[in-house]
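Okay, structure first, notes after.
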Amino acid sequence: MTDRDLAALACHAMTKAYAPYSRFQVGAALLCADGTVYTGCNIENAAYGPTVCAERVAFFSAVRDGEREFVKIAVVGGLEGKIVSFTHPCGVCRQVMREFCRDDFEILAFDGKTVRSSTLIEMLPDSFSPSDLSPSQSTKEDDPCA
Ligand code: THU
């Protein structure tokens with residue numbers, strides 16, 4: 001599975017977008033460590049708030065199927081489905097990636113010509129992650145600021 005192949009799957013997923021309000025269509029293709037690819041499109045809602053991004057649809061579908069190891073995700077988007085520039089994941093989606101992925105998880109953006117690769121640590125530095133909730137992160141019990 002080349003980066004181009006993954007981007008092509010994201011482009012196909014984008015055609016399924018339900019985006020009657022923003023008219024901005026997004027597609028994502030998530031490569032799991034076992035080679036399986038999960039795709040997603042954005043799904044909007046008249047109440048706006050319930051809208052979900054393409055990346056989260058892909059992640060949550062994969063997690064629903066028991067996937068826990070992820071390698072990279074390709075993301076494409078454009079008004080009316082016309083890809084003219086790079087689309088990068090929103091902050092909420094980056095935080096969802098943080099939940100399941102290591103620092104070197106790759107995020108591929110495709111503008112119709114070029115694939116641009118970034119890592120999760122580049123896109124979300126100094127993040128709050130599951131390790132922050134582990135007991136070993138706690139400081140002295142009697143003086144929490146020590
Ligand atoms: N959107 C995504 O699906 N992924 C992103 O990373 C950015 C934004 C969607 C949400 C909404 O349906 C539309 O794009 C405009 O914000």
Item to check | Close pairs (8 angstrom Cβ cut-off, 6 or more residues apart or separate chains): assigned to a helix (DSSP H, G or I) in the range 1-16, modelled with pLDDT of 95 or more and open to solvent by 50 Å² or more (accessible area, probe 1.4 Å) anywhere | outcome: D3/S117; L9/T39; A10/T39; H12/T39; A13/T39
Checklist entry - Going through the range 2-26 one residue at a time, which ones are open to solvent by 70 Å² or more (accessible area, probe 1.4 Å) and away from the ligand (no atom under 14 Å from the Cβ)? => result T2, R4, D5, H12
Checklist entry - Name the residues in the range 50-60 that are open to solvent by 60 Å² or more (accessible area, probe 1.4 Å) and under 14 Å from A19 (Cβ atoms), would you? => result P50
Checklist entry - Residue check: is E55 charged (D, E, K, R) and within 20 Å of G112 (Cα to Cα)? => result yes
Next on the checklist: For the range 63-105, which positions are farther than 21 Å from I121 by Cα and either of a type in the set (K, R) or within 16 Å of the ligand (Cβ to nearest atom) (or both)?
Outcome noted: R64, G77, G78, L79, E80, G81, K82, I83, V84, S85
Checklist entry - Listed residues S127, S118; which is free of Cβ contacts under 8 Å to residues at least 60 places away in the same chain, farther than 22 Å from C11 by Cβ and either surrounded by 12 or more Cβ atoms within 10 Å (Cβ to Cβ) or of a type in the set (D, E) (or both)? => result S127
Checklist outcome for this item: Taking first residues from the range 27-49 that are open to solvent by 60 Å² or more (accessible area, probe 1.4 Å) and away from the ligand (no atom under 16 Å from the Cβ) and second residues anywhere that are β-branched (V, I, T) and in a strand (DSSP E or B), the pairs with Cβ under 7 Å that are 6 or more apart or on different chains are A33/V71
Checklist entry - If we keep just the residues of the range 61-114 that are in a strand (DSSP E or B) and touching a Leu at 6+ places or on another chain (Cβ under 6 Å), which is surrounded by the most Cβ atoms within 10 Å (Cβ to Cβ)? => result A74
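The values are calculated or read from the model by the stated rules, or taken from the named source; none is laboratory data. Everything numeric in this text was worked out from a predicted model, so none of it was measured. Heads up, the Cβs are rebuilt from the backbone with ideal geometry, glycines too, and the neighbour counts pull from every protein chain shown. To get the accessible areas, we keep the full protein, side chains included, count just its heavy atoms, and leave off ligands, DNA and RNA. Shrake-Rupley method; radii C 1.70, N 1.55, O 1.52, S 1.80 Å.
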